[in-house]
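> Input: one structure, supplied below.
Nothing in this text is a laboratory measurement; each read-out follows from the coordinates by a stated rule. Because the structure is a prediction, the values reported are computed rather than measured. Here the Cβ is made from the backbone with ideal geometry for all residues, glycine too, and neighbour counts use every protein chain on show.
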Amino acid sequence: MSEKAQIIQVPNTLRAKVGGRLGALDADSIAKAEAALADLSTQFDSWLMEEVKKLEDVQALIKVEGLNAINVEQLFYRAHDLKGLGTTYGYPLITRICGSLCKLMDDETKRAQAPRLLVDAHMDAVRAIVRDQIKEENHPMGRVLAEALEARVKDHLDNAAKA
């Protein structure tokens, strides 16, 4: 049995809606944007410290109350925020460490089973990176620390999957 198909070509009207091709970029506008970013970059360290403080506050709450559904979720979201902001604020290792922590807790079941010592090790690593201002992604100690934490997370998740 043979069926006929009809192909419908939908016109691409996006170019007409946005005005066609982009014109040349204005050098003055680029210079102004770069200057504004440079002005903002002086605030990056203080903004990063605010985010780290939020993470530490949740960690302190966990030490008092233990891991429960509410505070472990807050911990995950604070780590997720830092994962996104670390590189922007000039600390790519924080992005990597917090990415590892998020992987450890990326769903509710994993959050409930996350080993507290491994969670604390990630938090200690973030504090050490900020304290020592480790801004280079290939910093020897920072890289080894990130690799060790990632290996521990992988081991934990592999063992949890087998159980």
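> Could you list, ordered by first residue, the pairs with Cβ atoms under 8 Å in which the first is in segment 66-83 and under 19 Å from Ala121 (Cβ atoms) and the second is in a loop (DSSP other than H, G, I, E, B) and of a type in the set (A, V, I, L, M, F, W, C), at least 6 apart or interchain?
Leu67/Ala114; Val72/Met105; Val72/Ala114; Leu75/Met105; Phe76/Met105; Ala79/Met105
> Please state which one of Leu149, Leu145, Leu117 is surrounded by fewer than 16 Cβ atoms within 10 Å (Cβ to Cβ) and of a type in the set (A, V, I, L, M, F, W, C).
Leu117
> Do you know which of the residues in segment 79-106 that are among the charged types (D, E, K, R) and in contact with a Cys (Cβ under 9 Å, 6 or more places away or on another chain) is surrounded by the most Cβ atoms within 10 Å (Cβ to Cβ)?
Per the stated criteria, the residue is Lys83.
> Another one. Only residues in segment 141-159 that are within 21 Å of Gln113 (Cα to Cα) count as the first member; pair them with residues that are not in a helix (DSSP H, G or I), Cβ under 7 angstrom, at least 6 apart or cross-chain, and list the lot.
His156/Pro115
> Out of (1) aliphatic (A, V, I, L, M); (2) surrounded by fewer than 16 Cβ atoms within 10 Å (Cβ to Cβ); (3) in contact (Cβ under 8 Å) with a residue 12 or more places away in the chain, the odd one out for Val52 is which?
Status for Val52: all satisfied but (2).
> Regarding segment 155-163, can at least one residue be identified that is of a type outside the set (Phe, Trp, Tyr) and either closer than 18 Å to Gln59 by Cβ or under 16 Å from the mean Cα position of the chain (by Cα) (or both)?
No, the conditions are met nowhere in segment 155-163.
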